[in-house]
Structures are given as C-alpha cells and as structure tokens.
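The block underneath contains the structure these notes are about, expressed in structure tokens.
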Amino acid sequence: MADDSAHGSKPGSVSKVSPPGTYDDVPQFNVPVDSEHKSKVLKIWSWGAPHHRAFQLSWISFMLAFFATFAAPPMMPIIRDNLDLTKQDIGGASIAAVTGAVFSRILLGAVCDSYGPRYGHGVLQLLCSAATFGIAAVSNAAGFIACRMIIGFSLATFVPCQFWCSVMFNAKIVGTANAVAAGWGNMGAGLTHLIMPYIFSGIANTQPDYIAWRCAYFIPAFAQIIIGLMVLMFGQDLPDGNYGALRKAGKKDKAKTHMEMLAAVKNYRTWIMILSYGYCFGVELTVDNNIATYLYDQFALDLHTASVLGAVFGLTNLFARALGGMASDLLGRRFGMRGRLWTLWTVQSLGGVCSILMFYTSHSLGATMAVVVCWSLFVPMACGASYGIAPFITRRGLGVATGLIGAGGNTGSAITQALFFTGTSMTTTEGFKWMGVMILAVTATLVFIHFPMWGGMLTRGNPAVTEEDYYSRDYTAAEKEQGLHKAIMAWASESRSNRGFKEQLARLSADRGSSLAAAAATTAAAAANGCSPSSSVAGDLSRADLTAAAAWGCCTGGPMPFDSEGKAKRLRPLSFAPPHMRSFTVAWLAHFCAVFATFAAAPLLPVIRDDLDLTKAQISAAGIAAVAGTVVSRVAMGGVCDRWGPRYGAAALLLLTSCASFGMTAVSNAAGYIAVRLLIGTALACFVTCQFWCSVMFTPRIVGTANAVAAGWGNSAGGVVQLLMPLLLKGLEREQPSFIAWRTCYLVVGWMQVAVGLLVLLCGQDLPAGNYGALRRCGSMQRANSKREYWAACRNYRTWIFCILYGFSFGTELTMNNVLSQYLYDQFNVSLTQAGALASVFGLANLFARPAGGMLSDWAAHRWGMRGRLWALYLLQSAAAAFCCGLSQMGGSLGGTMALVACMAVAVTAASGSTFGVVPFISRRGLGAVNGIVGSGSSLGSILLQGLYFTGSSISWSQSFLRMGITSAAATLLLLAVRFPSWGGMYFTAEERREGLHASVLAFAAESKSQRGLPRGGAPRKRAAAAAAAAEAAAAAGGACAGLPGNASSSGPAPL
C-alpha cells in the first residue's frame, strides 16, 4: 500500500504540501487523503473543496432530477382528469419517465470517463429543464408521455453522482459516500410527493386546476437551471483539478472510450449487478410511480393524504440508503467482499418479501402502511449496498460500469411497470405480489459473482491473486509497456481492505510489532546514552493495544485525555468523536428511544381508552405491564453486556421491540393492548447498556456525571413523548378518524426504534480499545463467565440495597410518567394536549436535573469521598419523598400542584443520577450484572407503587401520592447500612485494610482512590499533593518489583 508519508504528512493527517512526483499545482487539501488524493473521511455537512463540494453538488443535482421526473405522480388525479388519460396512458407515461434514462445513463458513463462528471451533471440538467418547462404546454396524452420521457433523461445524473463520489473518496468509505449521496438524491421522490401538492394547492387558490398543475412545473424547471449552473461553476472533476486543465498540463491522458466501454462490458459481474439493480432501484422507481395513485384508489383517500403517505417510500432515502452503504462498508471490513455480497442479498430479499406482503395487506390501510415503511427501508438499503460493490468491478471502466448498472435500474422499472402495472388484466395488488417474486428470483443470481482474490458469497478467494493482477488485466500488453496501467495501482492497493478481517489483523500485528521494535530500539539507545527512556514510550509499552489508542488520536497525547484503562477523563456531551463520545451519544439515544416507545401510550390514553373501552383497572394493568416487562430484561441485559457487549445488547433490543410497536397498530382489545405494552416495555433495559457503556468509557472521577447525563437525557423522552404524541395525533386526526390516528402514531415510534437500533449497531464501540469480538480474537480479552459475573454482583449486599433505593427514585419517575397526564386530565379538566404538556415537566427535568445529580455526586466525592456520594443521594431522595407527600395536600390548585410537581421532578431525577454515581463502585467484575439488577429495581418499584396505590378506585389521588412519599422516605433509610471497607459509610470511616486485587482491576482501583476524598486539616491541596506524590513513588517502586509498571504493589495501595 502506498505510504501516506509520501504526501509530506503522517497517515491520516491533513495534506499541506504537494506530493513529490505529482503535479506542482496540486491544491491544498483540508481533509486527510490517500495516495490518490481521495478523502479518507466523509463530512456530510461540509462544503470544503474539492471533495465535499463535489459530494454536495452531486446529491443536490440528483435530487432535483428526481424531483422533476416524479413531479407528475402526486398530481396525477388532476392531470388525469384534465388530459383524459386512461390507465394505459398513465402506465405508458410512467414507463417513459424511466425508459429515457436507460440510454442516457449508458451515455453518461462514457461522458464521465471522457469529459468528467461536472459536464455530465451540468449539461444534462440544463437540457432537461427545457422539457420541464415544456410540459406546461401539453394538451394530450402523447405530448404528456413525450415530455415525461425527456424529463426522465435527467435521472442519468445518478451516474456522475456515483462516479464523482468514487473518484473523491477512499475505497474504505466509498460505499458509504455513494450510498449517502444517492440516498439523499433519491429522497427527491419523497419530497416531490410532499411539496408538489402544496405548490399546486397554492396556485389553485387563484387559478383553475388545469392551469395550476402546469404552473407548478415551473418550480422544478428553475431549480434544474440553477443547479446545472452551480455544478459547472463550482464543481471540480478530480481532487487534483478538472479534466481539461489536467490534460492541457499533460497530467492526464485522454480516455480511450472504446477501451473503457470494453473493460466494463466484458466483465460478467457488471451484467449481474445490472440485473440486480433493476430489482432494487427499479422497484423504487416503480413504487414511486404507483404508490400515491394506489393509496388514492384503494382506500378512497384525498389527494393530499395519499401523497403524504406515498412520500414515506422516497423520504426514507434520507438515511436508509446510507445505512445500506454503511452496512456494506462495515461488513466489508469484517468479512471482505463476501460481507458486501451477503449484505446486498439479505436486504434485497427482505424487500421482495415486503412486496409480496402488499398483496396480503390490501384490506387494511394500517397494515399496508406498516409494510410500506419496512419496504421503504430495505429497498433503499439494497440500492446503497449495490454501490458498495459496483466501484470494485472495474477501475478502468468505472464510469461505464456505473452507467450500465444505473441504467439497469431504469430498465428493471420499465419492464416491471409494463408487466405488472399496465393494462387491466392484473390489479395493482397482484402486481406487487408478482414483483416480489421477481425480486427474490433475480437476487439469487448474486451467488454467481466471484472475485478471484476476494471470493464470492459461497466461495473463497485465492490469496495468490493480487488486486493489481485483477485490475491491470483491463490493459493491453502495449498499454502496460507504456505504463498506462500504473494509474490504477494505488486504487488496487487501497482495495485490499476487501480481503476481510483476517488479513487486516495480520497487517495490524505486523505494524504493532514494528512499533514495539522501534520503541525497544529507542529505549536501548537512551540507556546506552545514560538517559532514562521517554515516559511516553514507557506508557505506550504498557498499553494492551497501541492501535486502539491511535484510533481516537491519543497515542501521542491526542485531544481526549484518558487514564490507564483508556477511559476518557473529560465529558464533552455535544461531541460525536469515536470512541468515547460516540458511544456516549448512541447510548443515551438508545435509552431515549426506549423510554419514548414505552410511554408513547400515556399521553394518548384518553383516546385509546375510548377506542378499546378500557377500565381503570385495565389501564393500571397496562401501566404496570409496561414496566414489568423490563424487570427480567434488565437483569438479563447485565449478563449480555458482560458477555457480548453493550452495542449488541442495545441494538438487538431496539430492533426486536420495534416489532411490538408496529404490532400496536393491530390491537383490538384490552388483552392485546396490555400484552403489547409489556413487550415494548422490555426496551427499557437499554438503560443497563447506557450505564454500562458510560462506566467503561469514562474515568471514575467523572463516571457519576457521565452516567447521569446519559440517563438524564434518555429519560427526558418521558417528557418529550408527552409533548409530541398529542401533537402528532392531532395532526393525523385532520385526515383520519381517531381510532386510526393513534395507531398510526405507533408506526412513527416503531420506525424510530429501527433507525436508532441500526445507528447503535453501526456507530457504537463496546470498549475504548475496540469491540468485544475483535478484542477476543486478538487475545486482548477473555470471554466472560456469566455465572461468576452474576455471583460477584449478587453476593454483594450493596447491590440489593441500591436495587431497592433505585426502585423508589427512578421507580417513582416511571410511575409519574404513567399516571401524571391522566391525573391532570381528570382532576383539573384540562384538554388532552394541555395535560400532556404539563405532564412533560416531569420527564423534561431529566435534561438538567439528572446530570446535576451526577455532578453533585462527583463534586461531593472529590471533597468527602464516598461519604459525600452517599449523603448527596440521601438528601435528594428524602427531598423527593417530601415533595411527593406535599403533592397530596394541594387539593384543587393547579398552580400549586404544578409547582410541587416541578420540585419533585428535579429531586427525583437528581436522586436517580446520584444513584449511578455510586453503583459503578459496587463491583468491578460484575459491573454489567450490578447495572442490570439495580436498573430492574426501578421497574419492580414502579410495579409495587402502581399496584399498591394507583390501581382500583378505593384510593384517591391524594392518598396515593401521600403513601408513595412515605414509602420512598422509608426506603431511603437503607442508605445508613451501606459501607465500603476502604471508604466507609455515611456516619463512620472504615479502617483501611490491605486487599489483593486481580490484575485486570488494578488500574480501576488506582483511579478509584478519588473516593477517599480530600484529607482533613489545613492546606488540604498541598497535603493532598504531597500524599499523592508519596503514593505514586511507593506505587512505582512496588510496581517495579512486581513487574507491573505504574501500579500499586501487591500489598495494596498506600493510604492518602
């Protein structure tokens, strides 16, 4: 692989000078680049030239092409009546809209190879804008079909879009870059379904309908002109310049179009991918053409509603296609090209299954939309995964291959439209079924793709065949003698990542061996000169994995300071930097999503109650069920985190429980409602993964704050759901009856769970050094013994005390989330929206109060040690109990009630945050199990509180709150029994005793010395510094004797 140091910069650094041996006028790059000057990173919001400016212009141009091509379907009922179109005319126009792009895409591939993607985008958009203006003058079916065909030529901008990303971004992220650009471009089909009806309606207020739909076309036409000019003026063909300038300077040879065409056409993989893409992107085009009309006719919806629902299929491209590309890149790094192929086969087959299901759900709008939502995920993901493979088929004929495969999408759409959606012999639902069968059949051909050096789905590659051999065979012997094939050598080298994890691991081991040898040589040289070796070298040699540290830029003292376990010493809540802050972000997002889904029913309860005829006992049972489900799941999740890591735990739980959220749309009685809420409630076990993740990512000095902020922001969903769900319901009730509207709300919830689950899986990292699986394969981590982890947690009495305590802090919060909205609605006769808004105070307090509780715990520990943490928790939980008792005395005063609710919300959530400032110190070995058991205590507490005080009609609201407050105050007294041998308890200080600690927890124990607090007496800072220096000197001496650098001796840590 080409050495990045040839660029005058270290690997992964920003290029600041021109690479020797290349052009003198190479621009300065503001991103890290590889040996081809391709960007190694994708910053989706950046407009930096040339890489990210090309990315932005390419997807915007492609999106506007989609917008113009599919501007007709959302207005089709109006256009149909105006031009007297038959079903055959409409089908013919739909076919024409995608058929035109078949030939233009093939042509655009050669244009990109010969003249560059800039001209491909800009010229095509300017030419097609004329037809977009011209459709305003059509008066019959023939003119309408002709204009749609010419406008459809603009879909060929997909080819320069993918070509541009392929020449601007490194092989390791090209799948993601292609998928994001194409996905955001495809989103134009959804935007046009949303926007064009509004444009039409606005014009129709002053003009007749037959004029309004024509004038509406002026908007996409002007947009095409603007983006065409922007691409020509601001775009750049290659990282080093435009085609023309490079050729004039003699830095680029003019492409031999027939040779580029031959390189793509003679490769059988191109034709299999053409066929496959015809039934992923081709399916998307077909659905975009038919879905709005199908919903309009099948379910008697109005034009606007049908268009909005139909827009779902296109709008999912905002993230779904990108997820397909990211999944392809992720599995490509792990399993090589075989991973990419299996990713495409899986998601495309699932798309075929969804197409078949459309036939069996045609009787129900809710069921149909549930299938459409799933379908709209898998189809764009398959498109994104396709272009995670396409750039590797041929390097020389990249543009032509891109064009041919892209044309396959339009060809597949034209064939499918003609076979199944044109004429009267087959209904639309039957068309969906047979289209699904075709998808499954075509997808099976992927098993025939085999790369000699990488293998295929069912076959392995030949290690003796190199990437250079494969890509250079597109050149003749004469061209090789001239050295023309050398242009693709860098690409071939970068493409080795498709060999999979094993070879990358071997290379990683070799790199690490070189680093250790260099460090040893440095140490030996320093010793020969009579100098002590560099502390940074010694520190590096003590790491378990040098490369893992380099991954977040800290091997040489990077931006995120960390301790001896690689844990971050700082918390930057708004950062998304891997691995610490990215894991922090996905952790709280997963918990947020779980809380949102679990309590989505609470603000809709009056409507659900009337629809399903629920009694108060049934409502209470459902509320109990929502938190009961998480008792077992939280305990189990602790073992999952210890054994498989928090990433798999959170992602799997969200994806599985999303099925229950989707299933809520089908419930028809109380039993089904209670059962579904029980299943959705198991998602609350994401709290365990959230707290576990923060505990292994952040140093003990800030673990309380990190845990509290993550859990607090996650719990804020309890307030957000109270605000958003009534607004969403109100918006849906404008077009649908209430019994359908509340069910449709749950589709949004289920889809959110799917999106966040995939985000966790793709972006999370289990530990600072890497994921569990990779570390175990490297030998850096042993598989957990679940029985011993649970035993370590269960035999510690502190685990059970905190299980009870948390049951009456966060358990109280869960109870209030379930009952507060209903209490305000019944007690003060406020509207549903007002009750939800007022009740949201309790959940929204988590945004600041729970983090404040964690920060208070950390601050108190810094001053008084563990005693400070325990006292902080005691005071906060006692205050929460007092406010709860006061709530029972407010009577009919809404103002006084809300004042106490606000105070109680702050105290309860702060107590929850303070609790997990102590929990990480209970047991290091059984950390996951402790988190699970303590977390499940909240569900048990909520079940107990709701079962005792909020079920049945024998107890009034005031009595319920009073008894809940007294119970919480009594439970808080258990803190008096908590004592740590090295740190003491609330009222006494334990005598320090010496303990032998297992090697794996020595570092954690050393960092945990902060729990001893500051020493008493005058000048505490000076004494603390002197004591710390003495302790470090003693530890270093003991560590040298024991062979453990920097750790305490076996006799235990020296007292401060």
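Only the coordinates and a few stated rules stand behind these numbers; no lab work does. Worth saying up front: this structure is predicted, and the values here are computed from it rather than measured. Every residue, glycine as well, gets a Cβ built from its backbone with ideal geometry; the counts of neighbours run over all protein chains shown.
Counting only other residues whose beta carbon sits under 15 Å from that of Gly712, what net charge do I get with K and R as +1, D and E as -1? Don't jump to the answer; show the numbers that get you there.
On the way: positive: Arg850; negative: Glu813, Asp858.
Summing Lys and Arg as +1 and Asp and Glu as -1 gives -1.
By counting other Cβ atoms within 10 Å of each Cβ, how are Thr689, Thr443 ranked from fewest to most? Present the calculation step by step, with values, prior to reporting the outcome.
Numbers: Thr689 36, Thr443 23.
Arranged by neighbour count, lowest to highest, Thr689, Thr443 become Thr443, Thr689.
Shape of segment 886-951 from its Cα gyration tensor (a ≥ b ≥ c, root eigenvalues): rounded if a/c is under 1.5, otherwise prolate when a/b > b/c, or oblate?
It is oblate, given that a/c is not under 1.5 and a/b is not larger than b/c.
Report the FRET efficiency, 1/(1 + (r/R0)^6), for Trp957 and Phe576, where r is their Cβ-Cβ distance and R0 is 51 Å, rounded to 0.05.
Calculated value: 0.70.
Calculate the FRET efficiency for Phe218 and Asp84 from the Cβ-Cβ distance with a Förster distance of 25 Å, rounded to the nearest 0.05.
Numbers: r = 24 Å, r/R0 = 0.94.
Once the sixth-power term is evaluated, E becomes 0.60.
Among Arg743, Arg850, Arg214, Arg643, rank each residue by its count of other Cβ atoms within 10 Å, from fewest to most, as a rough exposure measure. Walk me through the numbers on the way to the answer.
On the way: Arg743 22, Arg850 32, Arg214 19, Arg643 16.
Lowest to highest Cβ neighbour count: Arg643, Arg214, Arg743, Arg850.
Starting from the Kirkwood radius over alpha-carbon pairs of segment 644-744, derive D by Stokes-Einstein at 37 °C in a medium of 0.692 mPa s and give it in µm² s⁻¹.
In µm²/s, the coefficient rounds to 208.
Viscosity 0.890 mPa s, temperature 25 °C: what is the translational diffusion coefficient of segment 386-442 from Stokes-Einstein with a Kirkwood Rh over Cα pairs, rounded to a whole number of µm²/s? Spell out each step's value before the answer.
Working: Rh = 13.1 Å.
Using the Kirkwood radius from Cα pairs, D works out to 187 µm²/s.
Over 21 Å apart: what share of the alpha carbon pairs of segment 852-968 falls there, rounded to a whole percent? Can you show the working numbers first?
Numbers: 3182 of 6786 pairs.
Here the long-distance tail beyond 21 Å is 47 percent of all Cα pairs in segment 852-968.
What whole-number distance in Å separates the alpha-carbon centres of segment 354-429 and segment 607-675?
Here the two parts' Cα centres lie 33 Å apart.
What Kirkwood Rh does segment 580-980 have if only Cα atoms enter the pairwise 1/r average? Answer in Å. Could you put the intermediate results ahead of the total?
On the way: mean 1/r = 0.0482 Å⁻¹.
For segment 580-980, inverting the mean 1/r across all distinct Cα pairs yields 20.7 Å.
Summing Lys, Arg as +1 and Asp, Glu as -1, what charge do residues with Cβ under 12 Å from the Cβ of Ala741 carry, Ala741 excluded?
Details: positive: Lys730, Arg734, Arg743; negative: Asp611, Glu733, Glu735.
Net local charge, Ala741 excluded: 0.
What number in nm² do you get for segment 684-788 if you take the convex hull of its Cα atoms and divide its surface by four? Could you put the intermediate results ahead of the total?
On the way: hull surface 38.0 nm².
With every direction weighted equally, the projected area is 9.5 nm².
Rank-order 822-830, 457-465, 33-41 by packing density, defined as the average count of other C-beta atoms within 10 Å over each peptide's residues, highest first. Spell out each step's value before the answer.
On the way: 822-830: 17.0, 457-465: 12.7, 33-41: 22.1.
In descending order of packing, they fall as 33-41, 822-830, 457-465.
So what J values fall out for segment 169-186 if you push phi through Karplus, 6.51 cos²θ - 1.76 cosθ + 1.60 with θ = phi - 60°, rounded to Hz, Gly and Pro as x?
Running phi through 6.51 cos²θ - 1.76 cosθ + 1.60 with θ = phi - 60° gives 10, 4, 4, 6, 10, 5, x, 5, 4, 4, 5, 5, 4, 5, x, 5, x, 4 Hz.
How do Tyr949, Tyr387 line up, fewest other C-beta atoms within 10 Å first? If you can, show how the numbers build up before the last one.
Values: Tyr949 19, Tyr387 33.
Fewest-to-most Cβ neighbours within 10 Å comes out as Tyr949, Tyr387.
Å³ per residue of the Cα convex hull, for segment 295-435?
Working: hull volume 16.6 nm³, N = 141.
Once divided by residue count, the hull of segment 295-435 is 118 Å³.
Tell me, what ³J(HN,Hα) does each residue in segment 906-911 have, in order and in whole Hz, if you take phi through Karplus 6.51 cos²θ - 1.76 cosθ + 1.60 with θ = phi - 60° and put x for Gly and Pro?
Calculated HN-Hα couplings, in order: 5, 5, 5, 5, 5, 5 Hz.
Provide the packing ranking of 870-879, 44-53, 365-374, i.e. peptides ordered by the mean count of other C-beta atoms within 10 Å per residue, highest first. Don't skip to the end; give the middle numbers.
Details: 870-879: 23.1, 44-53: 16.8, 365-374: 21.1.
So the order, starting with the most tightly packed, is 870-879, 365-374, 44-53.
Work out the P(r) tail for segment 262-337: percent of alpha carbon pairs separated by more than 20 Å, whole number.
On the way: 1554 of 2850 pairs.
Beyond 20 Å sits 55 percent of the P(r) for segment 262-337.
To the nearest 0.05, what FRET efficiency results for Tyr198 and Lys43 with a Förster distance of 30 Å applied to their C-beta separation?
Numbers: r = 32 Å, r/R0 = 1.07.
After rounding, the FRET efficiency stands at 0.40.
Using only the alpha carbon atoms of segment 167-253, find the Kirkwood hydrodynamic radius as the inverse mean reciprocal pair distance, in angstroms to one decimal.
Details: mean 1/r = 0.0605 Å⁻¹.
Mean inverse Cα-Cα distance, inverted, gives 16.5 Å.
Where in segment 370-412 is the amide nitrogen less than 18 Å from a point lying 7 Å along the Cα-to-Cβ axis of Thr476?
So the set is 396-397.
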